[in-house]
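**Student:** Take a look at the following structure, please.
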Amino acid sequence: MFYQKKLDVESCKNFLEDRFNHQEYKIFIVGEDNIIGFVHIYPVFSTVSLQRAYILNDPYVHSSHRSSGQVKN
């Protein structure tokens, strides 16, 4: 369980594919041959600042690379 939710891989896959196909988010991946981390970035719009802002969601770093500094920049 993650965030007290049962794992539903198919629903997650469908949700992310739909967001990606409609260009509603971007994913940044660290690693070329072996993915060691990623983060999803969703755009939002602010009426206060009158500009686009971004929400970083679901950051992940493989346990073997945590605290290594490889995904810092």
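The values are calculated or read from the model by the stated rules, or taken from the named source; none is laboratory data. Predicted model, so just to flag it, every value in this text is computed and none were measured. Here the Cβ positions follow ideal geometry from the backbone for every residue, glycine too, while neighbour counts run over all protein chains shown.
**Student:** Can you find even one residue in segment 8-22 that is surrounded by fewer than 10 Cβ atoms within 10 Å (Cβ to Cβ) and of a type in the set (Gly, Ala, Ser)?
**Tutor:** Checking segment 8-22: at least one residue is surrounded by fewer than 10 Cβ atoms within 10 Å (Cβ to Cβ) and of a type in the set (Gly, Ala, Ser).
**Student:** So which pairs qualify, if the first residue must be in segment 16-41 and modelled with pLDDT under 90, the second must be surrounded by 13 or more Cβ atoms within 10 Å (Cβ to Cβ) and in a helix (DSSP H, G or I), the Cβ gap must be under 7 Å, and the two must be at least 6 apart or on different chains?
**Tutor:** 25/19; 36/65; 37/65
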